[in-house]
Structure formats: C-alpha cells, structure tokens
Amino acid sequence: MPVIAIDGPAASGKGTLARRIAQELGYAWLDTGLLYRAAGMIAADDGANPADPVAAAQAARTLAKRIAVDGPSALGDPRLRGDQAADAASKLSVVPAARAALLQLQRDFARAPVAGNRPASGAVLDGRDIGTVVCPDAEVKLYVVAAVEERARRRVKELQGRGQTAIYQAVLEDLKQRDARDSQRAVAPLKPADDAFLLDTSALDADQALAAALSIITDRLSRAVFVSPKVSS
Ligand code: DC
C-alpha cells in the first residue's frame, strides 16, 4: 500500500499539494494538522490551556475516542481552519502525551486508508513528522518549503479571499513564532527525514508545485516496484 508522506512548515502549501496529489492518484488524504487543531479546540472549549500537559493529553484522548465513534465528522467544525485553532494546535502539539494519543490514529489511516467510505489504494498524509515519526517507511517523502515572506503573502491572500482582514506584518510574525515552536520542540520536531525530497515552492504556483511533486512520486513509485523486498522473489 503506497504511502506518501508530506511534511513542511505552516502555509508552505503542503495541504493543498497533498489534497491534489491524493485526487490525482486516487489515494485517500489525511490532513494531520486537523487532528492537532481539533484536539487543541477541545482543550480551549473546556477553558483549559492547550499547552498544559494534562489538559492536552486529555483533549487528544477525547478526540481519538470521538473519531472512533463518529469518524471524520469529528473533524468537521469550521472553526478548525481559523487562527485560534492553529494557535491551540501548535501549543498542544508540544506535549508528548498528546502526540502519542494521536499517533495510532494516523498509522491506522496509513495502513488502511479510506476516502469517503471506500478503501483507497494508497494514502497521502501531510503534517510535520509524517516522514520522520508517523510513517518512517513511507514509499515517498516530500518536504515542502517556501520562504517565510512568501508564505506570509500567500496566507494574507488566502485570508483576504475569505473576507477576513489580514495584516502582513502580523501574519509574518505569527508564522515565525509557529515555525520556531514546531521546529524547536523536543518531541517529533519539524525537520526533513534523511530520505525526503526537498520541494521549494517559493517560486512555484500551485500547478507547478503539483507537477513537480507528481514527477518525484511517479519516479519513486516506479522504482519501488524494483527495489521493494515485498515484491522480489
Ligand atoms: O498543518 P497545520 O497548520 O494545520 O498544523 C497545526 C499545528 O499542528 C502545527 O503548528 C503543529 C501541529 N502539527 C504537528 O505537530 N504535527 C503534525 N503532524 C501536524 C500538525
């Protein structure tokens, strides 16, 4: 079962890229950031600090139970795309026990990916630690980067497109803070896996990024047929 792991910093375009790769290949897609956002909002809605280790672990376990019962609709809250959820997720994701509570969910999805209600022939997961921790054996690993100023410009455009006010300088500072928190935490920090392909999208639009990613993926998957011990006789 091919697994495509896509990691990178906030607003690097990895989510859009992962969704479109899954669409192109007919694979199922899991936005793992949404899990952290949902857990962060459970803590925030309880009036707890998502950075508090006990509250964070409890919220992540609650989310895992909700997903087991309700499936993907447990991730359907429209607030999860907003800044409050992003901030709560970034804080909660520093807590090792919260990460541990979300790990099995992600691995289960990679092993038996489902799109809609149907089993899919492969999985695309995007996040921060997919290639390093969640799916270290993924057939293809992409690490998507873009200059922080370019990411801030894209985020401002996206927010304005949704009719929200966005100030470039504030968005830039927020991204820098999240980058620092994501890459400096002790557990599963944001970093490329040793065998990840680096994809710099600073000068690429979404279509160009997709074309570049698909070319890496198809090349890697065609080789995997020859080198995979599972298929050699
Ligand atoms: O990708 P995103 O912006 O939705 O992620 C929100 C936060 O969740 C991010 O700041 C860090 C955390 N996260 C993580 O630690 N590990 C992942 N695999 C995905 C997200």
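The values are calculated or read from the model by the stated rules, or taken from the named source; none is laboratory data. Worth saying up front: this structure is predicted, and the values here are computed from it rather than measured. Ideal geometry is used to build each Cβ from the backbone, glycine not excepted, and the neighbour counts take in all protein chains shown. Heads up: the accessible areas ignore ligands, DNA and RNA and are worked out on the full protein's heavy atoms, side chains in. Shrake-Rupley method; radii C 1.70, N 1.55, O 1.52, S 1.80 Å.
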Over the chain, with a Gaussian network built from C-alpha contacts below 10 Å, which listed residue (168, 36, 143) shows the highest mean-square fluctuation? 168
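So if I place +1 on the C-beta of Lys and Arg and -1 on the C-beta of Asp and Glu, and nothing else carries charge, what would the dipole magnitude of the range 1-87 be about its Cα centre? I want it in debye, nearest 20. Can you show the working numbers first?
Details: 9 positive and 10 negative charges, 46 e Å.
Once rounded to the nearest 20, the dipole reads 220 debye.
Whenever you get a sec, compute what percent of the accessible area on the chain sits on carbon and sulfur atoms (1.4 Å probe). Write out the running numbers ahead of the final one.
On the way: 6340 of 11670 Å².
Looking at the chain in its full context, I get 54 percent from C and S.
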Do the alpha carbons of any pairs in 91/141; 65/141; 14/157; 91/157 sit beyond 21 Å of each other, and which pairs? 91/141; 65/141; 91/157
Within the range 102-184: Cβ-based charge dipole about Cα centre, in debye rounded to nearest 20 (Lys, Arg +1; Asp, Glu -1): 240 debye
Of 144, 171, 124, which is the most mobile in a GNM of the chain whose springs link Cα atoms less than 10 angstrom apart? 171
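For the chain, what does the accessible surface come to per residue with a 1.4 Å probe? Please give it in Å².
Details: 11670 Å² over 233 residues.
Accessible area per residue, the chain: 50 Å².
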Under 20 Å from a label point 7 Å along Cα→Cβ of residue 206: give me every residue in the range 164-180 with its amide N that close. 164-166
Could you identify which residue out of 162, 66, 37 has the top mean-square fluctuation in a GNM of the chain using Cα springs shorter than 10 Å? 162
Cα centroid distance between the range 175-216 and the range 96-161, in Å? 11 Å
